[in-house]
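Just so it is clear, none of the values below were taken in a lab; they were calculated from the coordinates. All values reported here derive from a predicted model rather than from experimental measurement.
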Amino acid sequence: MTGMQKITRLSISTHSIEPPRGIIEIETTNSILKFELNEDLAHALCTDLEHFLTQVPERTRSRARLG
């Protein structure tokens, strides 16, 4: 993963409630990036993060089948 940077801090703040909008701020060792967040993107991000957090590692899946 050449060129990847480690996130050192992440924050999400609400900019407005109607319509839902916010700011995602990602800090790395070299820079701070800011992105506008809308409701559709927030839902997509939640779905992707839920998938990421609930994945079963390949080794565990293999053991589960054997057990």
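Once backbone amide H atoms are built at 1.01 Å from N, Leu37 has Gly22, Ile23, Ile24 as its partners under 5 Å, excluding neighbours fewer than 5 places away on the same chain. Once the convex hull of all Cα atoms in the stretch 7-66 is built, its volume per residue stands at 98 Å³.
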